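Read-outs throughout are calculated quantities, based only on the coordinates presented, and are distinct from any laboratory measurement. Just so it is clear, the structure is predicted and the values come from calculations on it, not from any experiment. Here Cβ is always computed from backbone atoms with ideal geometry, including for glycine, and neighbour counts include all displayed protein chains.
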Amino acid sequence: MTLFSSSPVSFNKYPLASLSSESRACLVITQLAGSRRYCQDGQVAVLRKGDTTLIDTGRPWFSDCPGDCARLYLRVPRLLMESRLRLGELPFAKRIPGSGLGAILFQLSTSLYKEAEQLNPQEGAAAIESYLRILAACVGKGKSVTTGMGRAPELGARIARYIDTHLTETTLNPAEIAAAMDISVRHVHRVFSHQDLTVADWIRSERLRRCRDDLRDPRLESKSITEIAFFWGFNDSAHFSRAFKEEYRICPRTFRSRAQAGLALQPDDKEGRRLEITPSVRHLRAS
């Protein structure tokens, strides 16, 4: 656990490379003083003293504050966090208020920081487990993980969200998705059976869309095309270039040059598309 204190400052965090499930982590941020904003994937959490939020270190994120502030960072392996919270989607950049159960979470966090050096490894592990149980109770209010046909209306949404949050992992595949959803691989494929594309097609298309967004982002001009492609889960630059040109009818280098020059770009006909899982499952926005 690390304490950070700062005057008014803003920053963007961009992971240097794509991370595997084993190396990916979550930050549990506890606000000790002042007010600070945390933004990730379109979500915004404004924390004040006592509040908590989660951040995925495997995805870009932004933070700023209007004045002096202090906060604690607790880094937790993502696989451990997923196993303890047992939610289909981790609630990143969402405020956990420092009242009620959240107040207990805040007190436990500050106690962990103050007493860390006094705890032996076994005691430390027990304290972290207790903390994660309280955290799970805070973010799991009104939520439960169900099994069988009772969760069918939610399954498509959960799969789409899981894919979206794991696009940067080169290992993402139907078997991993099935394991995370606690269903069979055949069931995963069945969810996509009403589409004109496979699970792999959807993953590739979403990765290309994210690369396209980053290639036209002026804040990422220092990143090479290969760095961007590899961050979003591709592992071969030539294959990425071919796939990008097939998807958007323009090579990535030309696309980026036109974007940097402020020239008109062909609109993405897949922007805002919807994923129809089955006739009985509600439509999902891909973005």
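What FRET efficiency would be calculated for the residue pair residue 119, residue 46, taking the C-beta separation as r and a Förster radius of 30 Å, to the nearest 0.05?
E(calc), rounded to 0.05, equals 0.40.
Length gain on complete extension for the stretch residue 68 to residue 13, per 0.36 nm per residue less the alpha carbon to alpha carbon distance?
Extra length available between residue 68 and residue 13 comes to 17.8 nm.
For segment 2-139, state what percent of all Cα-Cα pairs lands in each successive 10 Å bin, counting from 0 Å until the bin that includes the largest distance.
Histogramming segment 2-139 at 10 Å steps yields 12, 43, 36, 8 percent.
Report, in debye and to the nearest 20, how large the dipole of segment 2-139 comes out about its Cα centre when Lys and Arg carry +1 and Asp and Glu carry -1 on their Cβ.
280 debye
So for 189, 166, fewest C-beta neighbours within 10 Å to most, what's the order?
189, 166
Let's test the formula: R0 of 45 Å, r as the Cβ-Cβ distance of residue 265 and residue 107. What FRET efficiency results, to the nearest 0.05?
0.30
Under a crude label model (7 Å from the Cα following the beta-carbon direction), how far is residue 237 from residue 87 in nanometres?
Taking the two extended label points, one gets 3.9 nm.
Using the Karplus curve 6.51 cos²θ - 1.76 cosθ + 1.60 with θ = phi - 60°, what ³J(HN,Hα) values do you get for each residue of segment 92-103, in whole Hz, with x for Gly and Pro?
Those phi angles translate into 6, 6, 10, 6, 9, x, x, 10, x, 5, x, 5 Hz.
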